[in-house]
1. Which three lengths, in whole Å and largest first, does the chain cover when its Cα atoms are put on their principal axes?
2. So which residue, out of Val273, Val18, Val34, gets the largest mean-square fluctuation from a GNM of the chain using Cα contacts under 10 Å as springs?
3. How would you classify the range 1-143 from its alpha-carbon gyration tensor, with a ≥ b ≥ c the square roots of the eigenvalues: rounded for a/c under 1.5, else prolate if a/b is greater than b/c, otherwise oblate?
4. State the extension gain, in nm to one decimal, for the chain segment bounded by Arg122 and Glu44, taking 0.36 nm per residue of separation less the distance between their alpha-carbons.
5. Could you tell me how far the Cα centroid of the range 205-277 sits from the Cα centroid of the range 150-195, in Å?
6. Using the beta-carbon distance between Gln157 and Asp223 and R0 = 22 Å, what value does 1/(1 + (r/R0)^6) give for FRET efficiency, to the nearest 0.05?
7. Quick check: at a probe of 1.4 Å, how many percent of the accessible area of the chain sits on carbon and sulfur atoms?
8. Nearest 500 deg cm²/dmol is fine: what mean residue ellipticity at 222 nm does the chain get from its DSSP H runs of n ≥ 4 alone, each adding -39,500 (n - 2.57), divided by its residue count?
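The values are calculated or read from the model by the stated rules, or taken from the named source; none is laboratory data. Predicted model only: the values in this text are computed from it and were never measured. Here Cβ is always computed from backbone atoms with ideal geometry, including for glycine, and neighbour counts include all displayed protein chains. Note: areas computed on protein heavy atoms with side chains; ligands, DNA, RNA excluded. Shrake-Rupley method; radii C 1.70, N 1.55, O 1.52, S 1.80 Å.
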Amino acid sequence: MSIILAIESSCDDTSAAVLRDDMLLSNVIASQKVHEQYGGVVPELASRAHEQNIIPVVDGAIREAGIRKEEIDAVAFTRGPGLMGSLMVGVSFAKSFAQALGKPLVEVNHLQAHVLSHFINRGEPIPQFPFICLLVSGGHTQILLLKSHFEMEILGQTIDDAAGEAIDKAAKIMDLGYPGGPIIDRLAKEGNADAFKFATPQIAGYDYSFSGIKTSFLYFLRDRLKEDPEFIEKHKADLCASIQKTIVGFLMKKTERAAIDRRVRQVAIAGGVSANSLLRSELQRICDKHHWQAFIPPFKFCTDNAAMVGIAGYFKYLKGEFADISLPPYTR
Ligand code: KG4
Ligand code: ZN
């Protein structure tokens, strides 16, 4: 039996978790409200908030887990990708904490962690290899073929913006607030998804592109606003539902294609955008249609959290893959 303390600080959430093997004992997240007024994450403010949050968050995770810090067998941390200043706080803290305890360090890749969140033991079935995972976060959009915990073949990915970024920008254009994903999701529930049509680009293979969708949304609104300055206000829900349907439809079409072509019968989603209710129901619908098994993460494991870093760290710990104290963070 091993106890892992995990730390995540790659963007604007400070999080710490404790796992006993693959079981989650605690998962504390401090979200940073300070960025809302700027309509996006301000890196300088993020690192300052991480500095303020890290000690209480780690303390809280240890206390909630009901363990003594001497029982920790290894400290796992997100090494990248993410914002340099934000990563620095978590990485430096993890290093000094591990050194003070005399325990090994395990470095974790944030994207792998999102995918591996499916292996946290919740008493429910976990994916069997090989399976496909659509990874959709604020910074990444990838269709991955998982061959083992750490063998992830990238079948396709975005050539420009990430899906989450496109959703956030659409929300920003409509002046809905930040982050836009959850707001669009909520407003879309009251709207007609077929009210407006937005074209998706023709991109070869399993790759994606979202910058064109964002631009055509912007131009569409600019034209309509010329005729009616109240256009967005009047059609907010329909606009949200329509742009959400466009993005989710595009995401799922290629994911479905990849699973058919690779003859894979298990499909997962991961990352912040996997909290989206339409994406979740569409994945379920498509999997039901093909008699595939869908893996949809619980909400608390979709957006950034240390639990996923902990499970990734646990698998590396089992392999004896420890990190040197001198390792710097990486941003991409
Ligand atoms: O994985 P994540 O927390 O951070 C990164 O690693 O980037 O993902 C954040 C992204 C943001 O773009 C946010 O708007 C989006 O996930 N998101 C959603 C929803 N909840 C979060 N997008 C659509 N629907 C949601 N319910
Ligand atoms: Zn993330």
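1. 66, 46, 31
2. Of Val273, Val18, Val34, the most mobile in the Gaussian network model is Val34.
3. Because a/c hits 1.5 or more and a/b fails to exceed b/c, the range 1-143 counts as oblate.
4. 24.4 nm
5. Comparing the Cα centres of the range 150-195 and the range 205-277, I get a distance of 6 Å.
6. Working: r = 32 Å, r/R0 = 1.43.
Between Gln157 and Asp223 the formula returns 0.10.
7. Whole-percent figure for carbon plus sulfur exposure: 51.
8. Result for the chain: -14500 deg cm²/dmol, rounded to the nearest 500.
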